[in-house]
Amino acid sequence: MIRVLPDSVANQIAAGEVIQRPASVIKELVENSVDAGSTSINITVKDAGRTLIQVTDNGSGMSDTDARLSFERHATSKISSADDLLKLYTFGFRGEALASIASIAEVELKTRQQEDETGTQILINASTLVSQETVSCPAGSSFSIRNLFFNVPARRKFLKSDNVELKHIMSEFQRVALCNPHIEFTLASNGTAIYKLCKGNIKQRITEMFGKNTGNNLIAVKADTNIVKIEGYIGKPEYTRKTAGEQFFFANNRFFKSAYLQKAVINAYEQLIQSGVYPVFFLYLTVEPENLDVNIHPTKVEIKFSEEQTIWQILNAAVREALGKFALAPKIDFDIENRIDIPVLTPNTKIVMPKLTVDETFNPFETERKSSGFKQEKIDANWQKIYEGAETFEFGKNDDNIPKLFNSPQSLAEKFIQIKDRYIGTNAKSGLMIIDQKRAHQRILFEQFLINLESSDNNIVQQEIFPQTIELSAMDFIIISEHIDNLHKLGFDIRIFGKNTIAVYGLPPNAENTDAENIVHAIIDDLKDETGNFEKKSKERLALALAKVAAIGNKILNAEEMNDIAGKLLACSNPNICPEGKPALTIITLDEIQTRFLK
């Protein structure tokens, strides 16, 4: 039989869509504070939001009547009719957030309007109004959310560790703070300040949040068309990341994700960055509200543009222009006009046939042709010069004439050859064994680092002559701080130097030739992707991160080095694959070789 659900049950269902974790609560409350015209917003969490989430602002505040109505479903000050959905400039508008939060937590609200002498306090417990009374409080609003999911134990059970949940909170905080540089923000966890952001412009806000290193590697992007206005910053090609964490899109000051538009940015970096890395960008798009639909996803992270393909082209051109102006891409003349003029077809656009010019004097049968204007250099077809000396080479004789393919005479003497400075070839019982030297070295280092992590005595450190200080973003600082003890077991001497700053006093013997800052950022990037049981897998991920950074790449090796890698790889517990599961060695059997010669 069909029945109408009680409000408390309906609110919990809505909460399942809107409130996924403590970070979702912060997102909704902070966005409401921004919409209230606040110039200062303070956020405090305890136990990553499980025990307490407090958001205090100095915005417009609410009357006692509005304060009570704000917890009802579909109660909102943002819209009054369906037409208002087409001209939204605010964040929340559906009126589900506060009702959803109140259904799964203990909520306290204190609020006062600027013109009132007293404010109101409301206590709600699992959608039930406990009390409402007049109190003395500062102008603005202060929400205290305690014991999140206390009445939905299944939801609370699925929360991750405090470290993981805090990272989600910081991500949501970054998204709101980045598009509101005119507002002061603070974020504190368990009494410790993580962020304290002052008012400023966009670049100052980015630098405050992600560090001076990021701020110094930004390129301004600007494009103004009748379809979209684009402003913001992109990272220089040499300043890339192994994860897509520092990639931010905003539309009308609202954070959104778009794999489609992300490709427009990455496409502009073509041939400027290597595969497997991601450029940094902070891009702000402004479009007319009627050309933007933000109501297609419960958390409004996904949005829809009415002219998405055209915006893709404009965005791609804007990024290319920025790279070109800084001489980081092939130079293009963008000085004709201070905007990108991409023609867009409309119903009133007149199509004009192009005019063709024909050279009527051209005769394809003439023996003498006019020059096309391009000079063609004479190509030396003597291909023998490419392999000079190879034709006189005989195995076992004339070792001085060994082709460069084999790098050095000792390679043959020791029965090892190196191919393209990347692969090691040697005899095997059943044929020819080929080893990927980089993947093999990763496997060797990975297993050695795991042994070091399990041992309390194996902590050899290669001390640096001059300690290097590294400024990190708040999130990166927390990640590296969590692993300082394990890093010490791997041979690192890293110490806290100040706010969001570490000092590297020593590196492991296997990484002494690696730049300290590069290796620290590489470890952080690999640790950022943790999606499973973080505590259980942290040692393996740390060992993998360091092995990937410290392993040799394309490098010429002598016979002893090749012999060392091959011997240590075969002594590993799993020599066939690297730590990421890719093949580290393969054997081409004698039958396969013979088959090739029978064709």
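The values are calculated or read from the model by the stated rules, or taken from the named source; none is laboratory data. For clarity, every value in this text was computed on a predicted model and none was experimentally measured. Here the Cβ positions follow ideal geometry from the backbone for every residue, glycine too, while neighbour counts run over all protein chains shown.
Scanning the stretch 478-508 for residues that are of a type in the set (S, T, N, Q) and closer than 16 Å to residue 545 by Cβ turns up 481, 486. Within the stretch 142-188, being under 25 Å from the mean Cα position of the chain (by Cα), farther than 14 Å from residue 33 by Cβ and surrounded by fewer than 16 Cβ atoms within 10 Å (Cβ to Cβ) holds for 158, 161, 163, 171. Residue check: residue 288 meets all listed conditions (1) among the acidic types (Asp, Glu); (2) without any contact (Cβ under 8 Å) to a residue 12 or more places away in the chain; (3) surrounded by 15 or more Cβ atoms within 10 Å (Cβ to Cβ) but one, namely (3). Evaluation of residue 99 against the conditions (1) crowded, with 20+ Cβ neighbours inside 10 Å; (2) touching a strand residue (DSSP E or B) at 6+ places or on another chain (Cβ under 9 Å); (3) not aromatic (Phe, Trp, Tyr) shows that the sole unmet condition is (2). Scanning the stretch 445-457 for residues that are surrounded by fewer than 24 Cβ atoms within 10 Å (Cβ to Cβ), under 29 Å from the mean Cα position of the chain (by Cα) and aliphatic (A, V, I, L, M) yields a total of 2.
The C-beta contact set for the stretch 176-197 (first residue within 21 Å of residue 476 (Cβ to Cβ) and in a strand (DSSP E or B), second residue modelled with pLDDT of 95 or more and β-branched (Val, Ile, Thr), distance under 7 angstrom, 6+ apart or interchain) comprises 185/41; 186/43; 187/43; 188/44; 189/45; 193/186; 195/186; 196/186. For the stretch 119-140, the tally of residues that are out of contact with any strand residue (DSSP E or B) (no Cβ under 6 Å at 6 or more places or on another chain) and either at positive phi or outside the structural domain of residue 60 (by TED's automatic domain parsing) (or both) stands at 2. Of 84, 116, all but one fail to be acidic (Asp, Glu), outside the structural domain of residue 305 (by TED's automatic domain parsing) and modelled with pLDDT under 55; the exception is 84.
Evaluate the following for residue 159: is it among the aliphatic types (A, V, I, L, M) and out of contact with any strand residue (DSSP E or B) (no Cβ under 8 Å at 6 or more places or on another chain)? So residue 159 passes the test.
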